[in-house]
Amino acid sequence: MAERKKKTFESSLARLEEIVKAMESGEAMLDETLSLYEEGVKLIQYCTKALDTAEQKVKILQKGEDGTLEETDFIKTEGAAQ
């Protein structure tokens, strides 16, 4: 039995790129294209969740009034991709 790799954001993104190339080639049969599409949707959901989790962990160091560095939560700016 082949050893299964741990899913990471990077491996998921690479697989999404493979799926896009395969679908754009137009060589896949309809059933295979639908299967690739479904896999792609699941990978997008995984990547979106991973990015949301990472965003919540991001902290910004700001200089306080007394000159010391203070850690604050990351705040999305208007117009940022969601």
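The values are calculated or read from the model by the stated rules, or taken from the named source; none is laboratory data. This one's a predicted model, so the numbers in the text were calculated from it and none came from an experiment. With ideal geometry, Cβ positions are generated from the backbone for all residues, glycine too; neighbour counts draw on all protein chains shown. Accessible surface is based on the protein model in full, side chains and every heavy atom, while ligands, DNA and RNA are left aside. Shrake-Rupley method; radii C 1.70, N 1.55, O 1.52, S 1.80 Å.
Could you check segment 14-35 and list, in sequence order, the residues that are under 22 Å from the mean Cα position of the chain (by Cα) and open to solvent by 60 Å² or more (accessible area, probe 1.4 Å)?
Arg15, Glu17, Glu18, Val20, Lys21, Met23, Glu24, Leu34, Ser35
With the structure loaded, tell me whether Glu55 is open to solvent by 90 Å² or more (accessible area, probe 1.4 Å) and not hydroxyl-bearing (Ser, Thr, Tyr) or whether it fails that test.
So Glu55 does not fit the description; no.
Output the qualifying pairs, or none if there are none: Cβ atoms under 8 angstrom, residues six or more apart or on different chains, first residue in segment 1-18 and outside any helix (DSSP H, G or I), second residue at pLDDT 95 or above.
Lys5/Ser11; Lys7/Tyr46
Are there any pairs, at least 6 apart or on different chains, whose C-beta atoms fall under 9 Å, with the first in segment 61-82 and closer than 22 Å to Cys47 by Cβ and the second open to solvent by 100 Å² or more (accessible area, probe 1.4 Å) and at pLDDT 60 or above, and if so, which?
Within 9 Å, the pairs are Phe74/Gln56; Phe74/Lys57.
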